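The values are calculated or read from the model by the stated rules, or taken from the named source; none is laboratory data. What you see is a predicted model, and the numbers here were worked out from it, not measured in a lab. Quick reminder, even Gly has a Cβ in these numbers, built from the backbone with ideal geometry, and neighbours come from all protein chains shown. For accessibility, only protein heavy atoms count, side chains too; no ligands or nucleic acids. Shrake-Rupley method; radii C 1.70, N 1.55, O 1.52, S 1.80 Å.
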There are 2 protein chains.
Amino acid sequence: MTEPRTQGHAALTGAAKKQARNGKSHATIYDIAKVAGVNPSTVSRALSKPERVSAKTRKLIEDAAAQLDYQVNPFARALPTGRTNTFGLIVADITNPTFFDIIRGAETTATLRDYTLLLAESAESPVTELTAARRMMATADGLILASPRMDDDDIRALAKDKPVVVINREVDGVPCVIPDVGKGISEAVRSLAGNGHKKLAFVAGPPRSWMSARRWEGVQAACDWSKLEAVRLESSKPTVDGGRQVAREVRASGATAVLTYNDLLAIGLMQELQAAGMVVPDQISIVGFDDIFGADFTTPPLTTVRSPLGECGAGATARLLDLLSGRGEPAGTLRVETELVLRGSSGRLLPLH
Amino acid sequence: MTEPRTQGHAALTGAAKKQARNGKSHATIYDIAKVAGVNPSTVSRALSKPERVSAKTRKLIEDAAAQLDYQVNPFARALPTGRTNTFGLIVADITNPTFFDIIRGAETTATLRDYTLLLAESAESPVTELTAARRMMATADGLILASPRMDDDDIRALAKDKPVVVINREVDGVPCVIPDVGKGISEAVRSLAGNGHKKLAFVAGPPRSWMSARRWEGVQAACDWSKLEAVRLESSKPTVDGGRQVAREVRASGATAVLTYNDLLAIGLMQELQAAGMVVPDQISIVGFDDIFGADFTTPPLTTVRSPLGECGAGATARLLDLLSGRGEPAGTLRVETELVLRGSSGRLLPLH
DNA sequence: CAACAATTGGCAACCGGTTGACAGAACGCG
DNA sequence: CGCGTTCTGTCAACCGGTTGCCAATTGTTG
């Protein structure tokens, strides 16, 4: 006969497919039913709602299932029920280390609760994002959007379909998880004020970023309180390069302390200032934001306001999973605390000699 | 009579569910068929194999589909075909930045080719890994294992079921993608030799790591060629902390140049040596491995052998997707080149004064 | 214009579980 | 012992596409 070694080919003929299936495909509830001598639907019940079946038959079925190395076919289950034990996570930019921790937190929580994680990125494009979201909606039980770029209305539309949780942004009527920047920023500003700084520059992130606006608000409020002068500088992009580029303006501003929208900006800024011969923190203090991986690789290691991104990811996932199992409120914002991580890049100004 | 409202939240009653479905669930091919005035199977054909249907009816159907905002139900499609346009990626440790690039590469390629990425981690445990792999096998069309910890035999068993591609390890009979360390290492060693170094220490990774063994082999070969003495040092774990801990042994070894199993070790080592007052690279040259994110945040920035991890992820994904579509060979190893990235942490030895 | 080939479209049987409705068995109680 | 009640288990109809097979339609050609 022809050897059914067709493996590599996408399209198998009907017979070959059957063959392959019989060879590989795992047992079905029908096989179990046959072995256990009961009706397939009884098998289904025994496996999905054990209390609905007598202990005796349950045992019988479980044994048969174990013997046949049975595994449910997720599609067959999903078709009538619509549930997949799967959820999607869409991040704005997979290149940005900020999201690593979020992904990590989400994955961990997901596995813990026996869910599988679908990952996609939007490449900062609202359109791509919406497309990815739509696609995932078809497969997943719910969705987590990390720093979404699409409109509030689009998000709400998605949320009407299936549970959605948003990270790093607040959308009315949709459950959100956001770092509460207040505490961390005020700690940072207080620390700087305590070290004698009088003027602080805030290097902002993307103009349309919800988060950047919140951080600037936090800085203003904290500086008000601590009687510091605050100025706002724009960055071209929230990356190491962007940080380098803003160095000139920072020096021109006359500020002796800088707080940046994120750590990448802080790192680039520090590199550039040091290259120009400035000593950090003796001549200028630099404070980043997020405490990303690598923030402590610099010399001096970067002082930064830690956003518990991992917790955000984990929290959002927990939130979503609760929603999926009927627990938890449909909306409302979960705030996680930020805190100052004091390292070497901030401190007292040294008089020039 | 008795109202079966016992479940309440999570489970909807039949009627309510139907209701919800009618409200939200998207159109089916039957709806399209009705609108277009054709048979559902014609709709199915028009959408999945357009050439099988006349241009006229295709247009008719496409319009109807567009009008109804139709989206295929992936489960319904997957049930008979077994195809899901989805593949799994399992990484050994989601905490390790090495994998970020792999994930990134995989995600990008996947999206490009209209596949969805399932992500899981094994937490370095062979058992967890196998469990995750099994679970994903049920849903995904194929699997990518990045630095797998399980046995070769387990991997081959999985590969018999569905296409599997392995990254960072070579498994007989399974397609693999691995960085070819030869070029990068010999460049590094040649550079060090050129700078007058005579003795090189290699800080190894986990004892059972396939990759670590390959790298040590590469170092030995390159040192042989360049007439350098090579010594091998153990690390407790391949992390920044591990790097710190191995600093004592490095100094004791008398080597003036160090090449580490990965960048994290190099960074930790450098931090510790600098803390002890040594100047890098004047007194000792340090070369890392992988060129992870943040490797250039250090002062001096880290010289390192770049493993094109992103390419590995992308390459493995491309490989897998080819396999899935019938192209590509069932086995064989794809090697991607490594190269030296010369930064500030390596260079000429400065005579002590 | 008829005959024949090449397309196109329709029917129906699956894929593998889930679940409401119902029949039969087991059991309690007077 | 009979009757009603509660459990268990079975039946059958879905969920929404896919696809082999055949019939009808269309187009081509002698």
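Mean-square fluctuations from a GNM of chain A, with a 10 angstrom spring cutoff on Cα atoms, peak among A:Gln274, A:Gln283, A:Gln71 at A:Gln71. Its residue count N sets the reference 2.2 N^0.38 Å, and the alpha-carbon radius of gyration of the range B:269-315 equals 1.36 times that reference. Rounded to 0.05, the FRET efficiency of the B:Ser236 and A:Ala213 pair, given R0 = 41 Å and the Cβ-Cβ distance, is 0.35. Here the Debye sum runs over all C-alpha atoms of chain B as equal scatterers in vacuum, and log10 of I(q)/I(0) at q = 0.08 Å⁻¹ comes out as -0.54. Each copy carries A:Arg83; placing its label point 7 Å along the C-beta direction from Cα gives inter-copy distances of 3.0 nm, listed from smallest up. Dipole magnitude for the range A:91-211: about 420 debye, using +1 per Lys or Arg Cβ and -1 per Asp or Glu Cβ, origin at the Cα centre.
The mean number of Cβ atoms from other chains found within 10 Å of a Cβ in peptide A:270-280 is 1, as a whole number. Remark: chain A carries a charge dipole of roughly 1100 debye about the Cα centre, counting +1 on each Lys and Arg Cβ and -1 on each Asp and Glu Cβ. For the range A:107-157, the ratio of Cα radius of gyration to the globular rule of thumb 2.2 N^0.38 Å stands at 1.19. For the protein assembly as shown, the square roots a ≥ b ≥ c of the C-alpha gyration tensor eigenvalues yield an a/c of 1.5 or more together with a/b not exceeding b/c, which makes the shape oblate. Summing charges over neighbours of A:Arg156, with a neighbour being any other residue whose Cβ is under 13 Å away from its Cβ, gives -4 when K and R count +1 and D and E count -1. Reported to the nearest whole Å, the Cα centre-to-centre distance from the range A:106-175 to the range B:140-188 is 32. Annotation for B:Val72, label-to-label distances across the other copies: 2.4 nm (shortest first, one decimal, point 7 Å from Cα along Cα→Cβ).
Counting charges near A:Ile267 (Lys, Arg +1; Asp, Glu -1) among other residues having Cβ under 14 Å from its Cβ returns a value of -4. Other residues whose C-beta falls under 13 angstrom from the C-beta of A:Leu117 contribute a net charge of -2, scoring Lys and Arg +1 and Asp and Glu -1. Ranked from largest, the principal axis spans of the Cα set of the range B:209-353 equal 66, 32, 27 Å. Among A:Arg169, A:Arg306, A:Arg104, the residue with the largest mean-square fluctuation in a Gaussian network model of chain A, with springs joining Cα atoms closer than 10 Å, is A:Arg104. Note on the protein assembly as shown: with charges restricted to the Cβ of Lys and Arg (+1) and Asp and Glu (-1), its dipole about the Cα centre is near 1940 debye. Projecting the Cα atoms of A:Gly37, B:Thr98, A:Gly254 onto the dipole axis of the protein assembly as shown, where Lys and Arg carry +1 and Asp and Glu carry -1 at the beta carbon, places A:Gly37 farthest toward the positive end. Remark: the range A:280-287, residue by residue, has Karplus-estimated 3J(HN,Hα) of 9, x, 4, 9, 8, 9, 10, 10 Hz, where x stands for each Gly or Pro and the curve is 6.51 cos²θ - 1.76 cosθ + 1.60 at θ = phi - 60°. Of the GluC sites (Glu not before Pro) in the range B:97-133, the ones in a loop by DSSP (not H, G, I, E or B) with at most 15 other beta carbons within 10 Å are B:Glu124. Between copies, A:Gly182 shows label-point distances of 6.3 nm, shortest first, with the point placed 7 angstrom from Cα along Cα to C-beta. With the helix formula -39500 (n - 2.57) applied to DSSP H stretches of n ≥ 4, the protein assembly as shown reaches a computed 222 nm mean residue ellipticity of -14000 deg cm²/dmol.
Considering only protein heavy atoms and a 1.4 Å probe, what is the carbon-and-sulfur percentage of the accessible area of the range B:180-307? So the carbon and sulfur contribution to the accessible surface is 51 percent. Taking only the C-alpha atoms of the range A:63-163, Rg followed by Dmax gives 15.8, 52 Å.
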